[in-house]
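K.L.:
My questions all concern the structure below.
The values are calculated or read from the model by the stated rules, or taken from the named source; none is laboratory data. These numbers come from a predicted model, not from an experiment. Heads up, the Cβs are rebuilt from the backbone with ideal geometry, glycines too, and the neighbour counts pull from every protein chain shown. The protein model used for the area step is the full one, side chains on, heavy atoms only, and it has no ligands, DNA or RNA in it. Shrake-Rupley method; radii C 1.70, N 1.55, O 1.52, S 1.80 Å.
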Amino acid sequence: MQLYHHPFDLDSQKVRLALEEKSIDYTSHHVNPVTGKNLDSSFFKMNPGGRLPVFQNGSHILYKTIDIIQYIERIAVFSSGSENISSSNKEVIEWMQKVQEWNPKYFSLSHVPEKYRIYVSKFLRRVVIARMSESPELAGAYHRKLKEAYQTEERVKDSEVLIRSREHLIRLLDEVEKQLSETPYLAGQEFTMADVMLIPVLSRLVLLDLEKEYITGRPNIAEYWVLIQQRPSYRKVIGRYFDGWKKHKTLLKTWCFVRVRSLLKRY
């Protein structure tokens, strides 16, 4: 089993958390979307949208996060041969879908300093153009990706888009807060794939220095967040890259790559 992912990507984090929680062995392939590695022709042929994550098991390829996680659950049930392990129930699936409905893209980008966001956006557009010239047979897919990049830049500047995203996030967190006042985990007394979906959202808020605004003021979520950070899966998938000073190392490494490639005009 192969997983194409990156620590920066929320959906990649969700899938990796599921794999770790279910103790499923897989081969990891880092594909950094900030440096344009998801635009390489080899990856683009497999996934013309260039989005992460991509899960491959033989000839079976999955792109949607919830589909991947449910597939992982089925593998875990089949591999264990135990009747004590089951797939997610209806309540868990409903929470998974509810969390997945919030798109963090514009919210996250709006909290990145403008000069860095614009610099990386220009770099990625140049990467798309370079790959398009190298692989003319994929020109149509690359053209769509280029159009998407321009649209993203426009939407990040649209206050109505950002307000809707923020309001959606607040509604989600308020609902999570209410649920956590009744149960220790999102879908009941035990950790489930619903929690796997939520953890990266909370982690992203912390990474953007928004913990006080969105987490601390919600005591049940704040307590839950402390609990979640103790899990081995969290430490392996997220903590090793973003806890404390590690986030500066992770982000600086990528920023230096983009700067050097831009200066050398090597896209």
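K.L.:
Restrict the check to the range 5-23 and report whether at least one residue is in a loop (DSSP other than H, G, I, E, B), buried (at least 18 other Cβ atoms within 10 Å of the Cβ) and acidic (Asp, Glu).
P.N.:
yes
K.L.:
Do any residues in the range 56-79 that are under 20 Å from residue 99 (Cβ atoms) have Cβ atoms under 6 Å from those of residues that are in a loop (DSSP other than H, G, I, E, B) and among the small types (Gly, Ala, Ser), where the two are at least six apart or on different chains, and which pairs are they?
P.N.:
73/87
K.L.:
Test residue 91 against the criterion of being under 21 Å from the mean Cα position of the chain (by Cα) and closer than 23 Å to residue 183 by Cβ, and give yes or no.
P.N.:
Details: under 21 Å from the mean Cα position of the chain (by Cα): no; closer than 23 Å to residue 183 by Cβ: yes.
In short, no.
K.L.:
Kindly indicate whether residue 194 is farther than 30 Å from residue 22 by Cβ and either over 18 Å from the mean Cα position of the chain (by Cα) or in a helix (DSSP H, G or I) (or both). Break it down stepwise before answering.
P.N.:
Details: farther than 30 Å from residue 22 by Cβ: no; either over 18 Å from the mean Cα position of the chain (by Cα) or in a helix (DSSP H, G or I) (or both): yes.
When the stated conditions are applied, residue 194 does not pass them.
K.L.:
Could I ask something else about it? Out of all the residues in the range 25-48, which are under 25 Å from residue 204 (Cα atoms), of a type outside the set (S, T, N, Q) and open to solvent by less than 20 Å² (accessible area, probe 1.4 Å)?
P.N.:
Of everything in the range 25-48, those that are under 25 Å from residue 204 (Cα atoms), of a type outside the set (S, T, N, Q) and open to solvent by less than 20 Å² (accessible area, probe 1.4 Å) turn out to be 31, 36, 39.
K.L.:
Also, I was wondering about something else. Restrict the check to the range 56-64 and report whether at least one residue is open to solvent by less than 50 Å² (accessible area, probe 1.4 Å) and among the charged types (D, E, K, R). Show your work before the answer.
P.N.:
We begin by selecting, within the range 56-64, every residue open to solvent by less than 50 Å² (accessible area, probe 1.4 Å); these are 56, 62.
Then drop every residue that is not among the charged types (D, E, K, R), which leaves none.
Looking through the range 56-64, none of the residues is open to solvent by less than 50 Å² (accessible area, probe 1.4 Å) and among the charged types (D, E, K, R).
K.L.:
Also, I was wondering about something else. Inside the range 60-88, can you point out the residues that are at pLDDT 90 or above, of a type outside the set (Phe, Trp, Tyr) and either under 18 Å from residue 192 (Cβ atoms) or part of a helix (DSSP H, G or I) (or both)?
P.N.:
65, 66, 67, 68, 69, 70, 72, 73, 74, 75, 76
For (1) open to solvent by 90 Å² or more (accessible area, probe 1.4 Å); (2) in a helix (DSSP H, G or I), each residue gets a yes or a no:
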{"site": "107", "(1), (2)": "no, yes"}
{"site": "112", "(1), (2)": "no, no"}
{"site": "115", "(1), (2)": "yes, yes"}
{"site": "131", "(1), (2)": "no, yes"}
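K.L.:
Report the residue count in the range 212-221 for those that are crowded, with 16+ Cβ neighbours inside 10 Å and either assigned to a helix (DSSP H, G or I) or without any contact (Cβ under 8 Å) to a residue 24 or more places away in the chain (or both).
P.N.:
4
A quick yes/no check of all residues on (1) part of a helix (DSSP H, G or I); (2) without any contact (Cβ under 8 Å) to a residue 60 or more places away in the chain; (3) surrounded by fewer than 15 Cβ atoms within 10 Å (Cβ to Cβ):
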{"site": "145", "(1), (2), (3)": "yes, no, no"}
{"site": "148", "(1), (2), (3)": "yes, yes, yes"}
{"site": "160", "(1), (2), (3)": "yes, yes, yes"}
{"site": "167", "(1), (2), (3)": "yes, yes, yes"}
{"site": "170", "(1), (2), (3)": "yes, yes, yes"}
{"site": "182", "(1), (2), (3)": "no, yes, yes"}
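K.L.:
Applying the selection to the range 119-143, what residues are more than 21 Å from residue 263 (Cα to Cα) and free of Cβ contacts under 8 Å to residues at least 12 places away in the same chain?
P.N.:
If we filter the range 119-143 for residues that are more than 21 Å from residue 263 (Cα to Cα), which is where we start, we get 135-143.
136, 137, 139, 140, 143, listed by residue number.
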